[in-house]
Amino acid sequence: MEHGSFKDNSHATFTLGEEDHTLANAVRFVLNQDPRVTVGAYTIPHPSLEKVNIRVQTTGDPAKEVFKDACQELMQMNRHVRSVFDKAVTEYKAEQERKEKKAAEELKRQRELFGSMDIESN
Amino acid sequence: MESVEEEEEEVRRIVTDEEKLEAKNFNIFDLPDVPKGLPPHLELQRTRVVCEVGAPLHATGTIYSGAYISSGVDNSVNLENFSEDFKVDVISLTETDMVFDMIGIPQGIANAFRRILLAELPSMAIEKVFVVNNTSIIQDEVLAHRLGLIPIVADPRLFEYLSENDQPNERNTIVFKLHVKCPKGDPRRKVLSSELKWLPNGSELLKESAGGSTTNPKTHTSFSRSQDSFPEFADNPIMPSFEDILIAKLGPGQEIELEAHAVKGIGKTHAKWSPVATAWYRMFPEVILLKEFEGKHAEELVKVCPRKVFDIEEMGQGRKRATVARPRDCSLCRECLREGDETIEGEANSKGKAEAKSEGKAEAKSEGKAEAKGKRDWVDQVALRRVKNHFIFTIESTGSQPPDVLFTEAVKILEDKCERVISELS
């Protein structure tokens, strides 16, 4: 829901239902990074109601577009986070497997060594 | 007059087109001796939280992208910078716990992940309990509450939400049975979560039907096929995460018979549906020794820190120095900043002679001078800071899903939220 003015579409307040600080703070951060934005803030009118009001004021561009761009950028950042995380986890798991294999081989080698030593001593 | 005109003509000829272009593209920061970046105190403000004895400073970040534009520094975190700088380092990963570092992510987004992990990731938990017989001393509702809190190993992605109007079927409900008895004459016994039996065919309790007894008896669920037949559950049956959770205690002659239905939900509705035991993050600590700690002071420093952050380094000729060995373990207890009495006789301020030491001690007791006994005052010598964009995340799962899967799902949920907003706006 957008509350703005018909004449000047660069200032608007967006009301999101069923949202809270989780999304609002993250979007607020990305919004403020945009150089077109003069005011990017959010408020929760009452904690019992799950509504968030996000205020966007820009230097001329329509507020709706700027807000949409911010959400889009947040989405892409999340995708990037996910891909980097998945890669890091796969690498870690592979590294662990390698270490385990090495340790198992080392153990096997030592056992064989001790085994052969026993035969020799006999 | 003419000579002046000639001079002007000469001046005009000297400025060529190339030079004009150069002048247009001139950037003062390209000159060799102009310092690049922010001055060190501003850089400190921008990237570190300084933890003083009283309270932290510069905790809120400057997120305005043009804050330092006059110094030529771009403070923005747009997608390109973020993609280049973002890094993840996994420190440890087991089936239930995970510790990993996230570097280069803004604080608001890291907190969003934490909130989603706690409250908005779905999981399965017991919601409805049909009590047939309960003669134990644990009341029905208390028993039902306890059953709800038991974590269940079932991937919630394989199930759908059950709403008010839906019929419970094999796609949205898991049915457990609990039937325990303590025979007369036996000692008191414990009822553990291992006694919850999974019923893959659905409910066994018959509903009271309005029609005659000739109609098919209906149970409380309508399973069209057994959950056993699903490939995911064929080899690993659904059961509680831990087998030794105490549900109730039965005295001789007491009995509990009930059926429990588990459904999908999120932590926001009730904490039993939170798939993590807990999830938290802390900022990466940075400990800096502003002045050299030598000899006895170094030993004092190493002794004072409860997390063993500092180490002694031998410098040859018997001299010792304190170094910061494990800044990651620092818990910000601020013991190294706290004023206190030195426990080791300080040599730094005394004359260094054995007699002076004992005399100095007596003097201090009578005169209370700081120097002779050695009052510790390291507030200016140790700097405790936190790096703003570097988070050490810990996720402890309850067992239904491994922690790395949980984190990936949390990021997906944030993406979905953004998408919902975008589609509403369009």
What list of ³J(HN,Hα) values in whole Hz, one per residue of the stretch A:94-100 in order, does the Karplus curve 6.51 cos²θ - 1.76 cosθ + 1.60 (θ = phi - 60°) give from phi, with Gly and Pro shown as x? 5, 4, 4, 4, 4, 5, 4
Have a look at A:Asp34, A:Asp86, A:Asp20 and tell me which one the Gaussian network model of chain A (Cα, springs below 10 Å) gives the largest fluctuation. A:Asp86
Over the alpha-carbon set of the stretch B:39-142, work out the extent along each principal axis and list the three values in angstrom, largest first. 76, 36, 27
Between the DSSP loop rule and a limit of at most 16 other Cβ atoms within 10 Å, which trypsin sites (Lys or Arg not before Pro) in the stretch B:14-113 are left? B:Lys36
What is the P(r) of the stretch B:71-132, as percent of Cα-Cα pairs per 10 Å bin from 0? 15, 32, 27, 14, 8, 4, 1, 0
B:Arg146 accessible area, nearest 10 Å², 1.4 Å probe? 100 Å²
Mind pulling the angle between the C-alpha long axis of helix A:21-33 and the longest principal axis of chain A? Nearest 10 degrees, somewhere in 0 to 90. 80 degrees
Per its Cα gyration tensor (rounded if a/c is under 1.5, else prolate when a/b beats b/c, else oblate), the stretch A:44-87 is best filed as oblate
Taking one equal scatterer on every alpha-carbon of the stretch B:119-189, how large is log10 of I(q)/I(0) by Debye at q = 0.11, 0.18, 0.27 1/Å? -0.38, -0.85, -1.40
Helix-only CD estimate at 222 nm, as mean residue ellipticity for the protein assembly as shown, using -39500 (n - 2.57) per DSSP H run (n ≥ 4): -11000 deg cm²/dmol
Given a 1.4 Å probe and no ligands, DNA or RNA in the count, how much accessible surface is buried by B and A, both sides, to the nearest 100 Å²? 3900 Å²
Please find the FRET efficiency linking B:Val324 to B:Leu42, where r is the Cβ-Cβ separation and R0 is fixed at 25 Å, and quote it to the nearest 0.05. 0.55
Would you mind computing the Rg to Rh ratio of the protein assembly as shown from its alpha-carbon coordinates, Kirkwood style for Rh? 1.11
Go ahead and set up a Gaussian network model of chain A, Cα springs under 10 Å, then flag whichever of A:Arg109, A:Arg28, A:Arg36 fluctuates most. A:Arg109
Interchain or sequence-distant (5+) residues whose placed amide H lies within less than 5 Å of the amide H of B:Leu121 are B:Gly267
Would you mind computing, in nm to one decimal, how far apart the modelled labels at B:Thr94 and B:Ser163 are, each placed 7 Å from Cα along Cα→Cβ? 4.2 nm
Tell me the volume per residue, in Å³, of the convex hull enclosing the alpha carbons of the stretch B:239-338. 240 Å³
Under 5 Å between amide hydrogens, which residues at least 5 positions from B:Ala67 or on another chain qualify, with H placed 1.01 Å from N in the peptide plane? B:Asn75
Selection of chymotrypsin sites (Phe, Trp or Tyr not before Pro), the stretch B:135-200, meeting DSSP coil and at most 15 other Cβ within 10 Å: B:Tyr161
Long-range HN-HN contacts of B:Ser400 with modeled amide H, under 5 Å: none
Taking A:Thr38, B:Thr394, B:Thr278, B:Thr60 and ranking on accessible area (1.4 Å, protein atoms only), highest first, one gets B:Thr60, A:Thr38, B:Thr278, B:Thr394
Hey, what's the per residue convex hull volume over the C-alpha atoms of chain A, in cubic angstrom? 136 Å³
Anything losing 50 Å² or more of accessible area from the isolated chain to the full protein assembly: pick those residues out of the stretch B:394-426, probe 1.4 Å, ligands and DNA/RNA ignored. B:Thr408, B:Glu415, B:Lys417, B:Cys418, B:Val421, B:Ile422, B:Leu425
On the first, second and third principal axes, largest extent first, how far apart are the outermost C-alpha atoms of the stretch A:75-118 in Å? 64, 5, 5
Applying the Karplus parametrisation 6.51 cos²θ - 1.76 cosθ + 1.60 with θ = phi - 60° to the phi angles of the stretch B:305-310, what ³J(HN,Hα) value in whole Hz is obtained for each residue in order, glycine and proline being reported as x? 6, x, 9, 6, 6, 9
Could you please report the charge total around B:Leu205, scoring K, R as +1 and D, E as -1 over all other residues with beta-carbon less than 13 angstrom from its beta-carbon? 0
Roughly how many debye, to the nearest 20, is the charge dipole of the protein assembly as shown about its Cα centre, given +1 on each Lys and Arg Cβ, -1 on each Asp and Glu Cβ, and no other charges? 2800 debye
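Keeping the other protein chains in place, figure out the carbon and sulfur percent of the accessible area of the protein assembly as shown, with a 1.4 Å probe.
Result for the protein assembly as shown: 51 percent of the exposed heavy-atom area is carbon or sulfur.
The values are calculated or read from the model by the stated rules, or taken from the named source; none is laboratory data. Computed from a predicted structure; not experimentally measured. Note: ideal-geometry Cβ built from the backbone for every residue, glycine included; neighbour counts use all protein chains shown. The accessibility values were calculated without ligands, DNA or RNA, using every heavy atom of the protein model including side chains. Shrake-Rupley method; radii C 1.70, N 1.55, O 1.52, S 1.80 Å.
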